[in-house]
Amino acid sequence: MKFKGRAHKLGANVDTDAIIPARYLSTSDPQELAGHCLEGIEPDFMHKVKPGDILVADTNFGCGSSREHAPLAIKACGISCIIAKSFARIFFRNAINIGLAVLECEEANELHQGDVIEVDLEEGRITDNTTDKVLWSKPYPPFIQVIIQHGGLTEYTRKRLDEI
């Protein structure tokens, strides 16, 4: 899988409450959640994002509570993947489960706001087309790539059950 989009840069320790504040957790409607995504950090985030854009962060992205709403809100905004130096483990797995690619890249800080980024999930290659810099993340194993390609674990499971 390949992704291409503009970078939206965030800092370190972005917690799930900053991604989607608790007051909006009474719904699991992706579009409603998207309308409030990152509003505490960047109030007009939803209006700046275009489909395919890429979120770039520092360390410990998605820390805090284990709410599944956080990666769902990000994906519903149109973000194709997230690149960070590190992720909270529960956020990382929740993202995979809903089909949102997350890549750990030690050099994520070398990507800048507005840069055009291309990601090759299979190879783990991250290309900054603005600076011509190539960074690397650990590539996903094939079974995780299949989950992402199907839009998440639920859709993957549905497809598998239909094959039985």
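Computed from the coordinates by the stated procedures, all read-outs in this text should not be read as laboratory data. Quick caveat: nothing in here was measured; it's all calculated off a predicted structure. Methodologically, a virtual Cβ is constructed for each residue, glycine included, from the backbone with ideal geometry; neighbour enumeration extends over all protein chains shown.
Provide the gained length on full extension for the span H112 to Y24, in nm with one decimal, where the gain is 0.36 nm per separating residue minus the Cα-Cα distance.
Value of the extension gain: 28.7 nm.
Between Q31 and M1, what is the label-point separation in nm under the 7 Å Cα-to-beta-carbon projection?
For M1 paired with Q31, the spin-label model returns 2.3 nm.
For a label point 7 Å from the Cα of A12 along Cα→C-beta, name the residues of segment 75-113 whose backbone N is under 13 Å from it.
What the label zone holds, given the 13 Å backbone N cut-off, is 85-87, 109.
What ranking do 1-9, 23-31 get when scored by the average of other Cβ atoms within 10 Å per residue, highest first?
1-9, 23-31
Given R₀ = 45 Å, what would the calculated FRET efficiency be for T130 paired with K159, taking r from the Cβ atoms and rounding to 0.05?
Given R0 = 45 Å and the Cβ-Cβ separation, E is 0.75.
For an R0 of 35 angstrom, estimate the FRET efficiency from the Cβ-Cβ distance between R89 and K50 and round to the nearest 0.05.
That gives a FRET efficiency of 0.75.
Along the charge dipole of the chain, which of L111, I144, I126 sits closest to the positive end, that is, farthest toward it, with unit charges on the beta carbon of Lys, Arg, Asp and Glu (+1, +1, -1, -1)?
With unit charges placed on the Cβ atoms, the residue in question is I144.
For Cα pairs less than 8 Å apart in space and 6+ apart in sequence, what is the mean separation divided by the residue count of segment 46-126, i.e. the relative contact order in percent?
31 percent
Would you kindly derive the ³J(HN,Hα) couplings of segment 102-117 from the backbone phi angles with the Karplus curve 6.51 cos²θ - 1.76 cosθ + 1.60 (θ = phi - 60°), listing them in order in whole Hz, with x for Gly and Pro?
10, 10, 8, 9, 4, 9, 3, 5, 7, 8, 10, 3, x, 4, 8, 10
I'd like the Karplus ³J(HN,Hα) series for segment 122-129: coefficients 6.51, -1.76, 1.60, θ = phi - 60°, whole numbers in Hz, and an x wherever there's a Gly or Pro.
Values per residue, Gly and Pro as x: 5, 8, x, 8, 10, 10, 8, 5 Hz.
With runs of 4+ DSSP H residues as the only contributors, calculate the mean residue ellipticity of the chain at 222 nm using -39,500 (n - 2.57) per run, divided by the residue total and rounded to the nearest 500.
Counting only the DSSP helices, I get -7500 deg cm²/dmol.
Give a quick list of GluC sites (Glu not before Pro) in segment 121-164 that DSSP marks as loop, anything other than H, G, I, E or B, with at most 13 other Cβ atoms within 10 Å.
Within segment 121-164, the qualifying GluC sites (Glu not before Pro) (loop, at most 13 other Cβ atoms within 10 Å) are E122, E123, E163.
Provide, for segment 2-162, the number of lysine pairs with alpha carbons under 14 Å apart, each pair being eight or more places apart or on different chains.
Close lysine pairs under the 14 Å cut-off: 5.
Pop out the ³J(HN,Hα) list for segment 71-87 in order, Karplus 6.51 cos²θ - 1.76 cosθ + 1.60 with θ = phi - 60°, rounded to Hz; leave Gly and Pro as x.
Each residue of segment 71-87 in turn: x, 5, 5, 5, 4, 5, 5, x, 5, 8, 6, 10, 10, 8, 5, 7, 10 Hz.
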